[in-house]
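Remarks on the structure that follows.
The values are calculated or read from the model by the stated rules, or taken from the named source; none is laboratory data. Owing to the predicted nature of the structure, the values given are computational and were not obtained by experimental measurement. Please note: Cβ atoms are built from the backbone with ideal geometry, for glycine as well, and neighbour counts cover all protein chains shown. Note: accessible area is taken over every heavy atom of the protein model, side chains too, but ligands, DNA and RNA are not part of it. Shrake-Rupley method; radii C 1.70, N 1.55, O 1.52, S 1.80 Å.
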Amino acid sequence: MSDFQRLTEVSRPSRYLGGELGSRSKGSERVDLRMVLAFPDVYEIGMSYLGFPILYRILNDLDGVAAERVYAPWPDMAELLKRDGAPLSSLETGTPLADFDIIGFTLQYELSYTNVLGMLQLAGLPLRREDRGEDAPLILVGGPCAFNPEPLADFFDCALIGDGEEALVELVEVVRAARKDGLSRSELLNRLAGIEGIYVPSFFDIDYCEDGRLAEIKPLKKGYAKVRRRFLADLETAPFPTAPLVPFMQTVHNRVAMEIARGCTRGCRFCQAGYIYRPVRERSPEKIAELVDTALSNSGYEEISLLSLSTGDYSCIEPLLKGLMAKYAKERVAVSFPSLRVGSLTEGLMEEIKKVRKTGFTLAPEAGSERMRRLINKGITEEDLLETTTNAFTLGWRVIKLYFMMGLPTETDEDLQAIIDLAARVKRSGKGTEGGADVNVAVSTFVPKPHTPFQWEPQIGIEEILRMQGLLKGGLRAKKLKFKYHEASLSFLEGVFARGDRRLGRVLEAALAAGCRFDGWREHFDFSKWQQAFIDAEIEPAWYLRERDEDEVLPWDHIDCGLPKSFFIQERQKSLELAGTPDCRDGDCSACGVCDFELVKMRLQPPQELPPVSTGQQAPVDNDLRFRVRLKLAKRGRAKMVAHLEYLTMFQRAVRRAKLPIRFSQGFHPTPKVSYLEALPMGVESEAELVDLELFEPLAADEVARRLNLQLPEGFTIIAAETPAAGVPSPSASVSASIYRVPLPETGIDLEQKIADFLASERIEAVQIKKGREKKVDLRGDVAALELVENELELKLVKGSPLRVAAYLFALDVEAVRQLGVRKTAILLKA
């Protein structure tokens, strides 16, 4: 069975197609080293993670190095791979993971750990490091959870701690040289340990006390007692992908993602990212504008997202936002940013934001009472919040989303009641504004994280989580406020692994054996299996939620995030005193210890405007002239597995990249004036798809075809183009019939007789299941002709799908027919 045929059996096959615009394959080039970037979650989540495109570009720009990608297969695909004995393989070249030199996993979330092991298992690799041979790929991990990778320490060879842009290149070069020199695995690991930021867990032994606490983390290599985080000094000169990977399917964040700054110094005491990504490093507005412009041209995206831990804190955010919106308004490109902070939202900034997004306005007060906000060093008052929400409602927002945490240190029921009261006051702040005011409240459970002032604090257990959620649910509903919360068992498990140690590796193996996968997804999470895994591993999970002593050895003490433990202890004490630590962006240095003030230092942009830019082309609003071009398009190979809605999005982005003078519809959400035929069934190739474009200025049809063929992904080709005569109807109204060919399976059926009987019938009923309901349909009415031609069934259909007709004739189910290789060979146009 071919890979594409296998995809007809799974949900969302475009997850596994590869060949996306922006993807790079060095299959035919001479390559010394191959690395696969592995994301331990489903494709649409992984494709929204910005780190992979950055590293993908850096590695593929190296001579002799090939970087490819793989994502965790959804359970239906994983079962299919097991059934067929097929190994998990890369998207770009279909290379089995076991054949790569390096497999690099990103650890974004603790509940993805079983997926890491599951992917190794599907690759046919032993899970534990000591069971893998000399020729096995090097298993590398990185990302925020690598700042305490100990629960996975028995499974990976090394971890990259901190920024990866420079460190990964150094690692790759050491591995390449080691392969050339014929070094053993232990010799390679010894060399890798010499790279700043590379942690080799086998060079440390862990001793435990009788009560279960860590007694000592013993370094086994001289001079290798701690692993210091790697720093990227300057974001301005750092490489950034300007040819984005553009997926066929809709992903979580399907847009140009632009990292405008890295790091945050607000100092929220619960926030791990705020400490492990210090110091703040900003890109200049000019560099951002340059990167965005190229990325839009290369992708055809309709939206730009400005990303950082706190985008509103970017030094030039207002002029940057105004400049980008002015530049791209006529091209109908929206500008947005997801992370909004009350303290950074000026009225001018909100005026700009409202131009592109008024559906939902998200704010994160984190705590309801002033006491708790001071404890966590949030640095905003209730007055600040209510002023912001009043402005938002006045400017036209109808829904405000508020994010809080519960279970914070010293929190009482009075503090929980303060969440309810504050949310109600936010709702009242919109009273009298046009359209009304809705408030949605989301409350997550506080999970203490390593390398934060709260890393010693206890985490509340499941029973207390449920009690608190019940209190909030009743209070918020009484005030007609919507309430969302995290499942207690998910927060419990996250807390166990966030501050876990190497002994949890046994639990992960037991959970994997029990079938645990995609634990962050409610439909796949089974807490009972995890409870049994802890029993099998003889580990009490609640023990990991306990309060730690400040002089206790912590599992991550040998990982140096750049901030000393003494700073975190000081911040913890200040939290109990409700004392604030000001943001060193605007005030005095907080002496956190991360900066050396030479190479590693805060890099802020001075106040500046974006230079004036020429605006893009736009169809005149009052121009009634329309210039049509009709295209004939072929879908071959992997393109047949692209669903119809994905095909429409893909084509519209190709039109943008081709810079065609396309007309747009009028109204609140203008769309390109492009018309298509009815949807082609998934898995069916075609030599005869019609597409009509409506332009606002004339352009030769062959030039339109030429431009589009330069932009269409592999498998999609314009094979003819013309300017239709005036009055020619739309593509779907122009076609009188479509011709399909289906290869004949071995059925033992007298097909000639069955075809004759079919054609002689007035009605042939079949059962179609749509949205879970059975519906009787007539197959005969859509069929104009049937005949056997060159060992194939040829169907002439007025409309509808050839799959059901062929399935009836072959006495097969529709999915079996889909795998035969059905082709649409021609269309017949109305006279």
Helix 113-122 sits off the longest principal axis of the Cα atoms of the chain, rounded to the nearest 10 on a 0 to 90 degree scale, by 50
If the limit is 32 Å between Cα atoms, which of K640/K830; K482/K574; K480/K574; K673/K824; K673/K770 go over it?
K482/K574; K480/K574
Under the rule of at least 5 residues apart or a separate chain, name every residue whose amide H is placed under 5 Å from the amide H of N440.
I400, K401, L402
Under 30 Å from the Cα of K479 - lysines, other chains or at least 8 residues apart
K354, K358, K378, K401, K427, K431
Using only the C-alpha atoms of segment 695-818, find the volume of their convex hull and express it per residue in Å³.
189
Per residue, how big is the convex hull of segment 346-449 when only Cα atoms are used? Give it in Å³.
101
The helix 413-428 Cα axis meets the longest alpha-carbon principal axis of the chain at an angle in degrees, between 0 and 90 and rounded to 10, of 50
Share of Cα-Cα pairs in the chain lying beyond 48 Å, as whole percent
28
With a cut-off of at most 15 other beta carbons within 10 Å, and DSSP calling the residue loop, which trypsin sites (Lys or Arg not before Pro) in segment 759-799 qualify? Please list them.
R763, K771, K799
Separation of segment 525-604 and segment 177-220 by C-alpha centroid, Å?
23
Find the lysine pairs in segment 173-316 meeting two conditions, Cα atoms under 30 Å apart and a separation of 8 or more places or different chains, and report how many there are.
4
I want the local charge near L786. Using Cβ-Cβ distances under 12 Å, sum +1 for each Lys or Arg and -1 for each Asp or Glu among the other residues.
-2
If I measure Cβ to Cβ between cysteines in the chain, which ones have no partner under 4.7 Å?
C145, C158, C209, C264, C316, C516, C561, C584, C589, C592, C595
For peptides 588-598, 697-707, sequence by mean Cβ density within 10 Å, most packed first
697-707, 588-598
Using packing as a proxy for protection, rank 652-662, 488-498, 560-570 so that the peptide with the highest average count of other Cβ atoms within 10 Å comes first.
488-498, 652-662, 560-570
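What does the charge count around L62 come to, taking other residues whose C-beta lies under 11 Å from its C-beta (Lys +1, Arg +1, Asp -1, Glu -1)?
Summing Lys/Arg as +1 and Asp/Glu as -1 gives -1.
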So what is the calculated 222 nm ellipticity per residue for the chain, using -39500 (n - 2.57) for each DSSP H run with n of 4 or more, over all residues, to the nearest 500 deg cm²/dmol?
-9000 deg cm²/dmol
Stokes-Einstein at 20 °C, 1.002 mPa s, Kirkwood radius from Cα pairs: D for segment 170-262 in µm² s⁻¹?
122
With an 8 Å cut-off on Cα pairs and a minimum separation of 6 or more residues, tell me the relative contact order of the chain in percent.
12
Which angle from 0 to 90°, rounded to the nearest 10, does the C-alpha axis of helix 644-657 make with the longest principal axis of the chain?
80
For segment 59-186, max minus min Cα coordinate along each principal axis, in Å, sorted largest first?
39, 31, 30
When the expected Rg is taken as 2.2 N^0.38 Å, what fraction or multiple of it is the alpha-carbon Rg of segment 493-613?
1.58
Alpha carbons only, please: Rg and Dmax for segment 139-205, in angstrom.
11.5, 33
Let me know the Rg and Dmax you get for segment 1-114 when you use only its Cα atoms, in Å.
13.9, 38
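Ranked highest first by average number of other Cβ atoms within 10 Å, how do 810-821, 105-116 line up?
The densest-packed peptide leads the list: 105-116, 810-821.
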Taking H as built 1.01 Å from N, whose amide H comes closer than 5 Å to the amide H of A784, not counting residues under 5 places away?
K796, L797, V798
Check the straight Cα-Cα distances from K776 and name the lysines below 23 Å, setting aside those fewer than 8 residues away within the same chain.
K754, K796, K799
Suppose a student asked you for the relative contact order of segment 183-278, using Cα pairs under 8 Å spaced at least 6 residues apart; what percent would you report?
15
Report, to the nearest whole %, how much of the accessible area of the chain belongs to carbon and sulfur atoms, 1.4 Å probe, protein only.
50
Take segment 511-558, compute every pairwise Cα distance, and split them into 10 Å bins from 0; I just need the percent in each bin.
22, 36, 30, 12, 0
Over 23 Å, how big is the tail of the calculated P(r) for segment 617-706, in percent of all Cα pairs?
26
Remind me, relative contact order of segment 559-718 in percent, using alpha carbon pairs under 8 angstrom and six or more residues apart?
28
Where only protein heavy atoms count, and the probe is 1.4 Å, what is the accessible area per residue for the chain in Å²?
41
